[in-house]
1. Over the range 338-638, what is the relative contact order in whole percent, taking alpha-carbon pairs under 8 Å and six or more residues apart?
2. For labels at residue 233 and residue 134 in the simple 7 Å Cα→Cβ model, what's the distance in nm?
3. Report the calculated FRET efficiency for residue 115 and residue 172 (r = Cβ-Cβ distance, R0 = 22 Å), to the nearest 0.05.
4. Which residues among the range 229-252 fall inside the zone where the amide N is under 17 Å from a point 7 Å beyond the Cα of residue 219, along Cα→Cβ?
5. Give the dimensionless ratio obtained when the Cα radius of gyration of the range 658-723 is divided by 2.2 N^0.38 Å.
6. Kindly put 474, 181 in sequence by how many other C-beta atoms sit within 10 Å of each C-beta, fewest to most.
7. May I ask you to derive the FRET efficiency for residue 355 and residue 30 from their Cβ-Cβ distance with R0 = 22 Å, giving the value to the nearest 0.05?
8. Need one number: nm distance between label points at residue 399 and residue 344, each 7 Å from Cα along Cα→Cβ, rounded to one decimal.
């Protein structure tokens with residue numbers, strides 16, 4: 001009789017009309033929130049009623065509290081007879097709160113009086129359900145994709161969610177206790193991933209959800225930088241079917257979220273490549289001895305970024321907050337997303353000039369500005385501020401430059417990191433730890449002033465803090481007392497800033513010089529610092545790539561950034577960016593774009609974002625020759641620099657003696673369209689770099705102030721383009737008698 005009733009139930013479900021419009025998933029703000037429930041373990045029976053009611057009550061309370069845009073339940077949901085009653089009860093919280101949801105099946109979900117196909121038919125009739133069978137020809141039930149879109153362009157996918165059936169137990173018992181995700185599912189995933197890439201013209205960031213963890217979880221459990229509870233061995237299949245390898249090869253899946261092991265809720269990203277996470281067990285009926293308070297995992301996806309925040313949420317608290325951002329190697333080519341902009345450049349700007357500059361930066365794909373220091377003490381101990389400050393008797397710039405920056409950034413849609421204080425005595429090294437710690441306290445008071453003056457009005461535009469004090473790999477930092485002083489200094493700012501503005505990330509940009517140390521020693525220094533400092537998830541470690549200043553040779557970037565990337569992974573949730581230098585410090589000129597692009601490409605396997613020092617100063621069409629900006633725009637849209645042939649060479653080089661120094665004059669090429677500047681060589685050595693100005697204004701003279709009297713020299717001059725192509729050289733000897 002029982003089986004006959006189930007047959008009638010199944011027929012009724014199949015014939016039932018689905019009167020519900022399927023919800024559309026899209027970003028309605030900057031983030032999209034997912035709540036993961038797992039292992040509900042609903043069991044029929046009077047002795048389990050209180051457990052079941054508590055589970056469902058907790059689910060609804062957490063949904064109402066956290067307001068997710070999507071709920072995903074990752075298996076072991078209804079695990080006994082009377083399954084239809086259980087499914088109706090566990091889906092009620094989403095119906096009551098009108099929250100879209102989807103499910104994946106666990107191994108215990110087959111131990112009921114409804115098979116998975118029947119559950120799928122039930123779900124078709126359930127309001128707000130998004131689970132479906134994407135392909136009937138692959139193994140399992142409920143394998144599907146969910147697209148999260150942006151309201152600005154509903155034809156494009158912003159994020160993709162992959163749901164997999166991880167099955168239950170293998171038919172061949174010699175293969176281990178738990179089944180695995182099958183090859184047919186993996187090939188289906190690859191096809192879907194490639195189709196989404198073709199459709200969107202880019203790799204779409206994605207997450208994957210299923211029940212039984214893969215063998216990689218057990219390997220990850222033994223890493224010393226996991227965050228969360230790892231209180232039991234991972235119960236995974238013996239066989240590794242290659243799903244994670246497929247994710248890494250296709251470069252789209254940033255995070256994998258599972259259930260199954262009730263005493264684990266850890267999260268970890270081995271070497272920052274892909275994030276492995278457990279949900280928090282939600283159900284109240286224990287399958288074995290459990291130690292964790294019931295709850296859920298919350299995941300906040302960022303629009304137009306490969307980044308998410310996540311934390312565990314129980315009814316009593318939130319904890320284990322973590323931030324993950326995919327490496328830039330996921331992108332077909334790297335671009336910069338931000339720039340420093342300094343006081344001397346903007347001191348006289350009005351709003352029109354600000355908007356003109358921000359428009360150019362937005363064209364180039366920028367979204368971050370780093371502005372500061374907002375309080376500066378010179379070598380003469382004169383204190384200057386970029387805003388009306390209690391540290392100065394008057395605003396020494398006469399204008400509130402911080403206000404102008406924030407106002408215009410908000411209008412243009414930029415996020416601003418504000419630099420705190422800086423004292424030029426830092427560079428001398430002649431100070432005590434007491435002096436340094438006092439400077440950090442001043443920084444906290446500067447932050448308090450900035451918060452009081454601007455945070456309420458400018459909200460998320462006032463996005464983060466920049467720690468202006470640049471740390472190098474100096475020999476002193478190999479000594480314990482200097483390392484501890486650095487730790488203590490950072491912690492004074494970190495503790496205070498995270499207390500008063502927990503939502504604002506803290507960023508620092510140290511530098512290195514290969515002549516005074518090596519990459520592994522420098523990485524060990526930062527490993528030490530990270531273990532002792534209060535960096536929180538979402539804070540940013542963004543070392544300068546040091547190519548412009550000469551601290552590193554271009555080809556050294558992987559040698560130094562590789563060990564630093566590993567050091568960053570040891571601090572869960574800390575982000576690793578690169579601060580790419582766009583200048584040539586020998587002459588304080590703009591770096592050719594071919595060098596800048598190569599800097600980004602060499603750093604991209606290790607970092608998740610690139611900012612610059614400084615696009616506004618060295619590539620802006622409002623500041624320098626507009627060729628740089630136009631060529632970079634071509635790169636940012638096409639992934640390659642434009643083909644610019646070597647420009648026409650100079651002619652008529654004449655060298656005269658002027659104030660006992662060689663004075664070089666030459667004729668500018670008739671067609672100087674592609675001329676970004678002139679290289680001057682003396683005896684084969686580069687001694688000068690004269691760049692064209694705005695509107696391609698050309699200069700045609702040079703004084704060599706470092707030549708040696710009484711010697712004969714060969715001078716050569718060439719023209720070069722913004723992408724680094726160079727003309728033939730025009731030559732002349734000096735003295736020429």
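1. Details: 508 pairs, mean separation 50.5, N = 301.
17 percent.
2. 3.4
3. Values: r = 21 Å, r/R0 = 0.95.
It comes to 0.60.
4. 234-251
5. On the way: Rg = 12.7 Å, N = 66, 2.2 N^0.38 = 10.8 Å.
That ratio works out to 1.18.
6. Ordered by Cβ neighbours within 10 Å, fewest first: 474, 181.
7. Numbers: r = 22 Å, r/R0 = 1.01.
So, using R0 = 22 Å, E works out to roughly 0.50.
8. For the pair residue 399/residue 344, the computed spacing is 1.7 nm.
Any read-out appearing in this document is the output of simple, stated calculations on the displayed coordinates, not a laboratory observation. Note that the structure is a prediction, hence the values are computed from the model and not measured. Here Cβ is always computed from backbone atoms with ideal geometry, including for glycine, and neighbour counts include all displayed protein chains.
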